[in-house]
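The block underneath contains the structure these notes are about, expressed in structure tokens.
The values are calculated or read from the model by the stated rules, or taken from the named source; none is laboratory data. Note that this is a predicted model, so its numbers are computed, not measured. No Cβ is skipped: glycine too gets one built from the backbone with ideal geometry, and neighbour counts run over all protein chains shown.
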């Protein structure tokens, strides 16, 4: 795997690290990737993963994987396992450096008692609605809680009784005593601990008092000796709070650096929204190939190399922007073009009978598995009197620039002969075209064109009827019909779902060389796009292929038109 940081070139984070190492501020660097195990990772997380692990690799430091598991009401072991799977798939190894915020629950609680003892934290009995009212607004200061002036001894007694489970969930919280008039709302006496009776994936029912994310974040970095705490821009306003905690506790303070998060067109990066799509069954699950999750992209056939290249290509900056989906899709095309063997598949079969070809004859064409990589070897394609072509490659009344089959028209079969459409057979009741009867030119096999023979412009793919392998093909497209669903004001995001994002073709056919394809194998179906064997539903007796990406960006054409 190439060095992802070198590929990125210079950026402001690298400049900071270079200066810190050169000045002796740090002998080596420690970064971390701190996911909350309350959902599956998405492409936005991939940027943070590549940055944190990539920097550690480039500078010969280390990157910690730390699960910020401070809210057991929303966290599950399933998510923890999925996060590890995604990280490994991307090619990153955290080795022995796996941590959990729950590892530090006792230490964090000790920090809470220390703040109470210093008169910097107090137990508050206001409910959530009252706290919102007391907090004030961006233009108006908040007002002090009536419980703000409890004595240190009373607060310590109440906190210990909270830990012991004496009080009901939501009845009391522990708050920092900072400044209810602070311009930064995060400093207006934020909540540090809340009562919550929920079984934790790691600690079980040991605790009923859990730290808030903001209280665990900076202290966990400090405990682990993180040198450069890299966060997305939404944490910039939280940094003064993290610094306040670290200074008040008089412990090591990591350097927090913010960078822009990844926003991608035609999808959403909110885990809450993605969870709603799953729960409401708008998608089949977190790994639905239309989802921006890494598991969904992996199932669709996106490669880890393509995702890493995408993260390298978009770079690291300080300004939020939205990246067009086509940039990611181009990365996928580039990688699959390099690694995917070629094959022929017919998605919507239309029968063709070659009337002047012997009924009992079969030829075998030997062709390259990849035109640019001889090391992939060859494959054999049988040819017989009856074949199938794609219905889209025939028109009864074709326009002038339609260089495929039509009555009296000629095309070349890929790797095979030139054929001419002589007769169109239709269903008598519906008028639907059921079969084409064609004739072939014996002297044009294997791409040969006899002297004086008129050249044909069209080349189409096909499969032999007697040898084709029946498969199911799933055509996936963009999840939303608008580029930025989160920015829509008039309609909810559910109303913006693309109704044409999923289509199943149950009667597709592929050439016999794909009969032994396995889950995760990718191929270029010539003229159609890149397709990958589904890693969940495909079976040896009935293969299921997912369209990973088309050969070119069809959405750009739609937008430009």
Next item on the list: Could you list all residues from the stretch 362-394 that are farther than 12 Å from residue 464 by Cα and assigned to a loop (DSSP other than H, G, I, E, B)?
Entry: 369, 370, 371, 372, 373, 377
Margin query: If I go through the stretch 66-75 residue by residue, how many of them are under 18 Å from residue 294 (Cα atoms) and surrounded by fewer than 21 Cβ atoms within 10 Å (Cβ to Cβ)?
Written below: 0
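Listed here are the residues, each with its yes/no results for (1) surrounded by fewer than 20 Cβ atoms within 10 Å (Cβ to Cβ); (2) under 20 Å from residue 454 (Cβ atoms).
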residue: 384; (1), (2): yes, no
residue: 401; (1), (2): yes, yes
residue: 418; (1), (2): no, yes
residue: 421; (1), (2): no, yes
Next item on the list: Spot the failing condition for residue 282; the list is (1) part of a loop (DSSP other than H, G, I, E, B); (2) buried (at least 19 other Cβ atoms within 10 Å of the Cβ); (3) touching a residue at least 24 places away in the same chain (Cβ under 8 Å), and only one is missed.
Entry: (2)
Item checked: Leading residue by the ranking (surrounded by the most Cβ atoms within 10 Å (Cβ to Cβ)) among those in the stretch 404-416 that are in contact (Cβ under 8 Å) with a residue 24 or more places away in the chain and within 25 Å of residue 507 (Cα to Cα) -> 405
Checklist line | Qualifying position, being under 44 Å from the mean Cα position of the chain (by Cα) and free of Cβ contacts under 8 Å to residues at least 40 places away in the same chain, among 399, 382, 450 | finding: 399
Check: So which residues in the stretch 79-131 are under 30 Å from residue 311 (Cα atoms) and over 23 Å from the mean Cα position of the chain (by Cα), if there are any at all?
Finding: 95, 96, 97, 99, 100, 101
Check: Yes or no: residue 392 surrounded by fewer than 16 Cβ atoms within 10 Å (Cβ to Cβ) and farther than 29 Å from residue 364 by Cα?
Finding: no
Notebook entry, point to check: Which one is farthest from residue 231 (Cα to Cα), of the residues in the stretch 252-279 that are part of a loop (DSSP other than H, G, I, E, B) and without any contact (Cβ under 8 Å) to a residue 60 or more places away in the chain?
Noted result: 252
Checklist line | the stretch 425-455, subset touching a helix residue (DSSP H, G or I) at 6+ places or on another chain (Cβ under 9 Å) and surrounded by 12 or more Cβ atoms within 10 Å (Cβ to Cβ), residue nearest to residue 388 (Cα to Cα) | finding: 433
Note to self: Any residue at all in the stretch 20-32 that's touching a helix residue (DSSP H, G or I) at 6+ places or on another chain (Cβ under 6 Å), closer than 29 Å to residue 325 by Cα and not in a loop (DSSP other than H, G, I, E, B)?
What the structure shows: yes
Notebook entry, point to check: Considering only the stretch 225-251, how many residues are touching a strand residue (DSSP E or B) at 6+ places or on another chain (Cβ under 6 Å), under 20 Å from residue 50 (Cα atoms) and touching a residue at least 60 places away in the same chain (Cβ under 8 Å)?
Noted result: 6
Next item on the list: Scan the stretch 546-560 and give yes if some residue there is touching a residue at least 40 places away in the same chain (Cβ under 8 Å) and part of a helix (DSSP H, G or I), otherwise no.
Entry: yes
Notebook entry, point to check: Which of the residues spanning the stretch 317-355 are over 30 Å from residue 395 (Cβ atoms) and in a loop (DSSP other than H, G, I, E, B)?
Noted result: 317, 318, 319, 320, 324, 341
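A quick yes/no check of all residues on (1) within 40 Å of the chain's Cα centre (by Cα); (2) surrounded by fewer than 18 Cβ atoms within 10 Å (Cβ to Cβ); (3) within 14 Å of residue 124 (Cα to Cα):
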{"position": "147", "(1), (2), (3)": "no, yes, yes"}
{"position": "161", "(1), (2), (3)": "no, yes, yes"}
{"position": "171", "(1), (2), (3)": "yes, yes, yes"}
{"position": "179", "(1), (2), (3)": "no, yes, no"}
{"position": "185", "(1), (2), (3)": "yes, yes, no"}
{"position": "191", "(1), (2), (3)": "yes, yes, yes"}
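Rundown of residues vs (1) buried (at least 21 other Cβ atoms within 10 Å of the Cβ); (2) at pLDDT 95 or above, yes/no style:
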{"residue": "303", "(1), (2)": "yes, yes"}
{"residue": "308", "(1), (2)": "yes, yes"}
{"residue": "320", "(1), (2)": "no, no"}
{"residue": "328", "(1), (2)": "yes, yes"}
{"residue": "331", "(1), (2)": "yes, yes"}
{"residue": "336", "(1), (2)": "yes, yes"}
{"residue": "339", "(1), (2)": "no, yes"}
{"residue": "355", "(1), (2)": "no, yes"}
{"residue": "358", "(1), (2)": "no, yes"}
Next item on the list: Report yes if residue 427 is touching a strand residue (DSSP E or B) at 6+ places or on another chain (Cβ under 7 Å) and more than 26 Å from residue 507 (Cα to Cα), otherwise no.
Entry: no
Note to self: Of the conditions (1) more than 20 Å from residue 286 (Cβ to Cβ); (2) over 23 Å from the mean Cα position of the chain (by Cα), residue 31 satisfies every one except a single condition; which number is it?
What the structure shows: (2)
Next item on the list: Filter the strands (runs of 3 or more DSSP E) completely within the stretch 464-538 down to those with at least 1 residues that are free of Cβ contacts under 8 Å to residues at least 24 places away in the same chain and farther than 27 Å from residue 275 by Cα.
Entry: 529-533
Notebook entry, point to check: Mind checking which residues of the stretch 260-270 are surrounded by fewer than 21 Cβ atoms within 10 Å (Cβ to Cβ) and either modelled with pLDDT under 95 or under 14 Å from residue 234 (Cβ atoms) (or both)?
Noted result: 260, 261, 263, 269, 270
Checklist line | Search result, residues across the stretch 208-218 that are touching a residue at least 60 places away in the same chain (Cβ under 8 Å) and out of contact with any helix residue (DSSP H, G or I) (no Cβ under 6 Å at 6 or more places or on another chain) | finding: 210, 212, 213, 215, 217
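Here's the yes/no breakdown for (1) in contact with a strand residue (DSSP E or B) (Cβ under 6 Å, 6 or more places away or on another chain); (2) over 18 Å from residue 110 (Cβ atoms):
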residue	(1), (2)
146	no, yes
150	yes, yes
154	no, yes
158	yes, no
178	no, yes
182	no, yes
185	no, yes
